[in-house]
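The values are calculated or read from the model by the stated rules, or taken from the named source; none is laboratory data. These numbers were taken from a predicted model, which means no experiment stands behind them. All Cβ positions, glycine included, derive from the backbone under ideal geometry; neighbour counts span all protein chains shown. Accessible surface is based on the protein model in full, side chains and every heavy atom, while ligands, DNA and RNA are left aside. Shrake-Rupley method; radii C 1.70, N 1.55, O 1.52, S 1.80 Å.
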Amino acid sequence: METEGSFGSLLRWAADHGISDSIDQHTSRSCLGRSLCVSFFPDSGGRGLAAVRQLNKGELILRAPKSVLLTTQSLSLEDEKLAMALKIFPSLSSTQVDYAIWATEKAALKSRMDWRGVKGLMQESNIKNQLQTFKAWLWASATISSRTLYVPWDEAGCLCPVGDLFNYAAPEGESFNAMDVLSFPSHASLNDELESLEEQRDSQWDLTDGGFEENASAYCFYARESYKKGEQVLLSYGTYTNIELLEYYGFLLQENPNDKVFIPIEHDIYVSSSWPKESLYIHQNGNPSFALLSALRLWATHPNKRRGVGHLAYAGSQLSVKNETLVMQWLSKNCHTVLNNLPTSIEEDDQLLCNIAKVQDLQVQRELRKMLLTYGGECCAFLETNGVVNRDEAESHLSEKLKRSLERWKLAVQWRLLYKKALVDCIGYCTRTICSLSS
């Protein structure tokens, strides 16, 4: 348990300012200890919060008063120069940076453009030069995007001391995006049912995760499920794909019900239905999304007959055995094509992850260089990219920068491996469906 030491000062400060994991008023050197404690979970997120007793689902487990929440408004009240600078630069984009779909290059470009756009604000605020660098901006931007919580009065969100120690748990995924279906006014009964499901889902997450409560003037966190003593207490930040988790938080989930795998889709398929492009994907378990199946079923129908069966396709019904077989064959073929065009296979990625795990245990660059050179291929490219080719440098210990590069490399390989496995599972789904149709 890590209650004192590195977190002792923070927890004492939090207690002095009203942050508490207990409903009852009390005086203590720490804000934790009645419901939660800081602990370390090496296999599930690292540092996090653990239950110190039995916690029941829906129970209030942490409360942070409004006075400790860090927002643009609270900063402006304390810093007149910042307040004036924000008025001069009102068109700055929200700190919730729009993610670049599947392209880290676009995300990097966006970060650099945002940095250039905010330089005027930083100069006007008299921020120290060393804090105006691109590196400093990346750190600050990542802190905001990965740590802010939603509050209704500030679109940038707020930073909540102690509340940001919770690690992530993904909410359960849905078989389709209800809000996408709601855009079809011709299916009134289906819309009513889906609206009801959406309201139930939203109220469920409001109850079990947390939010700012006006009557308490505090940000309140609730147990999203029941926990035994010693178990890690998790918080859902929302529904994120693995690529979004990597960009905003620096990790991914081996089992993520909200992950999405996209494959190339012809223009004819897009225009054959009214589904938005982002709803046409494959789930991590290999099942095609509700919208993708619906769109493919309409595409596989003769254009003259689509109007007559559209209500069935949008409701998720199979149109015929022949139609469903064509859909499964198309899906399976395209998954095979994507897999065959990728530069590495699942087996190669599995082996690469094993090799990365081996070199992560090494302490000297010379040993790392020697081992990676024996593996060849992508390992040699890693050495060249990170400059581990100089004989003198090879004698030194692994730098923190090199260790971070190894960890990021591992995450990248893990992501592409999960992507490929989802395609393989989709092929299996199609094969099973075709077999059941033929029988």
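Structural remarks
- Failed criterion for HIS187 (all others in (1) modelled with pLDDT of 85 or more; (2) open to solvent by 20 Å² or more (accessible area, probe 1.4 Å) hold): (1)
- Candidate set: the stretch 272-328, residues that are open to solvent by less than 10 Å² (accessible area, probe 1.4 Å) and β-branched (Val, Ile, Thr); chosen: the one nearest to LYS420 (Cα to Cα): ILE282
- Contacts under 8 angstrom Cβ, first residue in the stretch 417-439 being open to solvent by less than 60 Å² (accessible area, probe 1.4 Å), partner among the charged types (D, E, K, R) and in a helix (DSSP H, G or I), 6 or more apart: LEU417/ASP349; LEU417/ASP350; LYS420/ASP349; THR433/GLU324; LEU437/GLU324
- Pairs, first closer than 11 Å to TYR227 by Cα and touching a residue at least 60 places away in the same chain (Cβ under 8 Å) in the stretch 55-66, second polar (S, T, N, Q) and open to solvent by 40 Å² or more (accessible area, probe 1.4 Å), C-beta under 8 Å, six or more apart: LEU55/SER226; ASN56/SER226; LYS57/SER226
- Members of the stretch 319-336 found to be without any contact (Cβ under 8 Å) to a residue 40 or more places away in the chain and not hydrophobic (A, V, I, L, M, F, W, C), listed by number: SER320, LYS322, ASN323, LYS333
- The residue pairs whose first member lies in the stretch 348-376 and is basic (Lys, Arg), whose second member is loosely packed, with under 14 Cβ neighbours inside 10 Å, and whose beta carbons are closer than 8 Å, counting only pairs six or more residues apart or on different chains, are ARG366/GLU395; ARG369/VAL389.
- For ARG34, the conditions (1) assigned to a strand (DSSP E or B); (2) modelled with pLDDT of 85 or more; (3) of a type in the set (D, E, K, R) all hold with the exception of (1).
- Residues in the stretch 230-271 that are among the acidic types (Asp, Glu), over 30 Å from THR301 (Cα atoms) and open to solvent by 50 Å² or more (accessible area, probe 1.4 Å): GLU231, GLU247, GLU255.
Rundown of residues vs (1) more than 20 Å from GLN414 (Cα to Cα); (2) surrounded by 13 or more Cβ atoms within 10 Å (Cβ to Cβ), yes/no style:
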position: TRP330; (1), (2): yes, yes
position: ALA357; (1), (2): no, no
position: ARG366; (1), (2): yes, yes
position: LEU372; (1), (2): no, yes
position: GLY376; (1), (2): no, no
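- In the stretch 287-298, the residues that are on the phi > 0 side of the Ramachandran plot form no Cβ pair under 8 Å with any partner that is acidic (Asp, Glu), whether six or more places apart or across chains.
- Complete set of residues in the stretch 252-283 that are of a type in the set (A, V, I, L, M, F, W, C), in contact with a helix residue (DSSP H, G or I) (Cβ under 6 Å, 6 or more places away or on another chain) and within 30 Å of PHE221 (Cα to Cα): LEU252
- Qualifying residue in the stretch 126-137 (condition: in contact with a Leu (Cβ under 7 Å, 6 or more places away or on another chain), open to solvent by 30 Å² or more (accessible area, probe 1.4 Å), among the charged types (D, E, K, R) and modelled with pLDDT of 75 or more): no
- Matching residues, the stretch 143-158, being open to solvent by less than 50 Å² (accessible area, probe 1.4 Å), within 14 Å of the chain's Cα centre (by Cα) and without any contact (Cβ under 8 Å) to a residue 60 or more places away in the chain: THR148
- Between PRO257, PRO264, the distinction of being over 17 Å from the mean Cα position of the chain (by Cα) and in a loop (DSSP other than H, G, I, E, B) belongs to PRO264 only.
- Some residue of the stretch 70-81 being small (Gly, Ala, Ser), modelled with pLDDT of 90 or more and within 20 Å of ALA218 (Cβ to Cβ): no
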